[in-house]
Amino acid sequence: MSENINITLKLFAQYRDGRFKVEKRVYKSGTTPQNIIDELGITKDKLPLGVLMVNSKHEKEEYILQEGDTLALFPKIGGG
Amino acid sequence: MADKIYRVNMKELSFKIEDVPNHWMGLGGRGLTSTIVAAEVDPECHPLGPNNKMVFAPGLLSGTSAANSGRNSLGAKSPLTGGIKESNVGGTIAGIMAKLGVKALIIEGIPEDNSTFYHIHVSRDNVEIVQVPELVGKDNYFVLDSMEKKYSKKVAVMTIGRPGEMKMLVSNISVRDPKGKLRSHGRGGLGAVMGSKKIKCITVDAQNYKEVSYEDSEKFKAASKIFTKALQNNPISGEGLPAFGTNVLVNIVNEAGGLPSRNFRTGNSENAEAICGETMAENIKERGGSTTHGCHSGCVIQCSQTYNDKDGNYLSSGFEYEMIWAFGANLGINDLDLIAKIDALMDDLGLDAIEMGVCLGLAVDASILKFGDGKEAYRLIKDEVAKGTPMGRILGSGTGNLGKLYGLVRVPVVKNQSIPAYEPRAIKGQGITYVTTPMGADHTAGYAVATNILNSGGFVDPLKKDGQVELSRNLQIASAAIDSTGMCIFVAFPALDDPACLPALIDMLNARFGISLTGDDVTNLGKTILKTERAFNLKAGLTSADDRIPEFMKYEALPPHNVKWDFTNEEIDEFWNF
């Protein structure tokens, strides 16, 4: 089981600073959002994760990403 | 000197200054305006007739040094919803009224001579009511300039533009902010109520007040420090809102499939990236302007901004998510600068950005304009609505009435008030707030988006029905109480997640008045306010059948999640079981 999966990554608000808005990346099967959060250098000390969505639905960091998934990461934001 | 009730009679053109009755003493803001409206306004009265009243009241902490305490409430019977309305606003008015000792300003009656408009000036122990023929037909910034020249740069001003004079249901009441720009008592057509009373503007003297007193100033200072810190340390109120403004929501709500687009046909907009808070912040950085601006003095969140065009010239301020959504996603304008131009025009005219924007979104279905045609939207507002042409009157009557006139079925209103920027089918807790709040579709009444989308105060899945009624109820109770303190609703973000925040707020109330409120007392206050408002609406003729979502949302599935509104009537009505 060492197949690769194609993932679309979307970043928002301050997470875009020095990174990107949207990118398509290839990961190993079994990759979780947490792996990608670590790879991006998003940590608890500075702008910890606020909201994580996979295919427009809220998911947990441990979710196993599937081929073609879109992962969206947001710091804590709000308004109204 | 104890606070007083200032009562103005527009029929007699007279005023009285009254002692505050004991049972109103512990109330402020929404708690006070809704209590007075319920006690003094016949629920069956015509909202634009002689028996409606306008009640302005600063919050319990307004005028103090507490951060973010500068919201002023206005209560009346709404000509848009036919029910009770409380609309609160920033600006300088709340602090100045509180320091002047005005517990509430009640305006009743209609002048017998309705050939002109009046200006009401409130100062210590006095109210002047003078005719202002020179201001008739003028808009808000003209009035602001005149009043600043007449009094001082600091005078508090509340004013209506031409749509308010014409008693249009999309008209609001605009309030001067600390930088001389405008904020609004936006919703419910309250500009029309002011117009019906022939009041062009109200000013409050900002030169001869005294600071508010504290029963225990040391305790107040200590609690205030903790409260301010809670606002500053919270990632939303301390970082996200100052950096991106409320418009940071476009992308997250769009990503969640809950951004109403094309008159509520989809939950995604192709324009999201063009109009989002991140793009707005980039433009501000490139062009000058400012991402931070407080709508009232003492605000430590600074979610508002100054937005310039490509050449660095001022376009607008107070450029908020709701407005940008209505014109950008729902009506489809993909040019943020043009949306800013429309925003500034609506500020000057005094139009509710949500009601006007949603109405124009529906006007696409009526073939009045084309989807995405921002130039025509601007023209319709400037040349039709502002001038009161027949087409302007039609659009100025709001979304519900436009739908009736054109035989449209997909009309996004609850209690005749336009649904704001969160799709009720895809953000179901927010939908419960829209249908149950006594205000008509209103996002601030119980902001379930926080817990449905933003992971504030936990998480309740936005696409499922479970837990939504309870969530909305708890938020509406808390919001009614917060709306009584004069606090900005964004204190809810730290309050939901930081255990130090709410106790500090209650400690400030206790130290200010020498009382001993508990958390339960505050919850009970919120419950009482909601029940008072609901009772008014029932007497006004509204029923449970008005606590419903537009029918098309029950049979049309909303992409991308393909969700319908699926609450039963019994599930909705359970809301009031408290």
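Here are the criteria: (1) more than 12 Å from the chain's Cα centre (by Cα); (2) on the phi < 0 side of the Ramachandran plot; (3) facing chain B (nearest Cβ under 10 Å). Tell me which single one A:T70 does not satisfy.
If we test A:T70 against (1) more than 12 Å from the chain's Cα centre (by Cα); (2) on the phi < 0 side of the Ramachandran plot; (3) facing chain B (nearest Cβ under 10 Å), just (1) comes out false.
Taking the stretch B:471-508 on its own, how many of its residues are within 13 Å of chain A (Cβ to nearest Cβ) and not hydroxyl-bearing (S, T, Y)?
Matching residues across the stretch B:471-508 total 13.
For B:A511, indicate whether it is in contact (Cβ under 8 Å) with a residue 12 or more places away in the chain and more than 17 Å from B:P43 (Cβ to Cβ).
yes
Which of the residues that make up the stretch B:403-434 are of a type in the set (A, V, I, L, M, F, W, C), surrounded by 24 or more Cβ atoms within 10 Å (Cβ to Cβ) and outside any loop (DSSP other than H, G, I, E, B)?
Within the stretch B:403-434, B:V413, B:V414, B:I432 qualify.
State yes or no: is A:Q34 away from every other protein chain (no Cβ under 12 Å), touching a residue at least 60 places away in the same chain (Cβ under 8 Å), out of contact with any Gly (no Cβ under 6 Å at 6 or more places or on another chain) and surrounded by fewer than 19 Cβ atoms within 10 Å (Cβ to Cβ)?
Taking the combined requirement at face value, the residue does not satisfy it.
List every residue pair whose Cβ atoms sit under 6 Å apart, with the two residues 6 or more apart in sequence or on different chains, where the first one lies in the stretch B:133-150 and is assigned by TED's automatic domain parsing to the domain that holds B:G191 and more than 19 Å from B:I381 (Cβ to Cβ) and the second, anywhere, is of a type outside the set (S, T, Y) and assigned to a loop (DSSP other than H, G, I, E, B).
If the second residue must be of a type outside the set (S, T, Y) and assigned to a loop (DSSP other than H, G, I, E, B), the pairs left are B:V136/B:F117; B:M147/B:V155.
Here's a check for you: in the stretch B:294-319, which residue that is over 21 Å from B:V253 (Cβ atoms) and within 18 Å of the chain's Cα centre (by Cα) is surrounded by the most Cβ atoms within 10 Å (Cβ to Cβ)?
B:C295
Filter the stretch A:47-59 down to the residues that are within 10 Å of another protein chain (Cβ to nearest Cβ) and in a loop (DSSP other than H, G, I, E, B) and list them by number.
Passing the criteria: A:L47, A:P48, A:N55, A:S56.
Those residues that are away from chain A (no Cβ under 11 Å) and acidic (D, E), I need them from the stretch B:443-470; list them, please.
B:D466, B:E470
With under 22 Å from the mean Cα position of the chain (by Cα) and at the interface with another protein chain (Cβ under 10 Å from one of its Cβ atoms) as the only criterion, which of B:V253, B:V204 stands out?
Checking each option against the conditions leaves just B:V253.
Just give me the residues in the stretch A:37-72 being acidic (D, E), open to solvent by 50 Å² or more (accessible area, probe 1.4 Å) and modelled with pLDDT of 95 or more, in sequence order.
Those that are acidic (D, E), open to solvent by 50 Å² or more (accessible area, probe 1.4 Å) and modelled with pLDDT of 95 or more: A:D38, A:E39, A:E59, A:E61, A:E62, A:E67.
Looking only at the stretch B:109-136, which residues are farther than 27 Å from B:E211 by Cα, surrounded by 14 or more Cβ atoms within 10 Å (Cβ to Cβ) and small (G, A, S)?
Passing the criteria: only B:G109.
Being of a type outside the set (G, A, S) and assigned to a helix (DSSP H, G or I) is the filter; apply it to the stretch A:11-31 and report the residue that is least open to solvent (accessible area, probe 1.4 Å).
A:Y15
Any residue at all in the stretch B:520-527 that's more than 30 Å from A:K76 (Cα to Cα) and of a type in the set (K, R)?
Within the stretch B:520-527 (the criterion being more than 30 Å from A:K76 (Cα to Cα) and of a type in the set (K, R)), the answer is no, since none of the residues qualifies.
Just to verify a result, which residue in the stretch B:435-451, among those that are in contact (Cβ under 8 Å) with a residue 60 or more places away in the chain and open to solvent by less than 10 Å² (accessible area, probe 1.4 Å), is nearest to B:E255 (Cα to Cα)?
B:V449
Just checking: which of the strands (runs of 3 or more DSSP E) contained wholly in the stretch B:60-157 hold 2 or more residues that are farther than 18 Å from B:S174 by Cβ, modelled with pLDDT of 95 or more and of a type in the set (D, E, K, R)?
Ranges flagged: B:102-108.
Taking the criterion of being free of Cβ contacts under 8 Å to residues at least 40 places away in the same chain and either within 12 Å of chain A (Cβ to nearest Cβ) or in contact with a Lys or Arg (Cβ under 6 Å, 6 or more places away or on another chain) (or both), would at least one residue in the stretch B:290-307 satisfy it?
The answer is no; no qualifying residue exists.
Name the single residue, out of those in the stretch B:151-171 being more than 24 Å from B:R7 (Cβ to Cβ) and open to solvent by 60 Å² or more (accessible area, probe 1.4 Å), that is farthest from the chain's Cα centre (by Cα).
Here the answer is B:K153.
The values are calculated or read from the model by the stated rules, or taken from the named source; none is laboratory data. Nothing here was measured: the structure is a model prediction, and the numbers come from that model. All Cβ positions, even for glycine, are placed from backbone atoms using ideal geometry, and neighbour counts span all protein chains on display. Side chains are part of the model used for accessible areas, which takes the heavy atoms of the whole protein and leaves out ligands, DNA and RNA. Shrake-Rupley method; radii C 1.70, N 1.55, O 1.52, S 1.80 Å.
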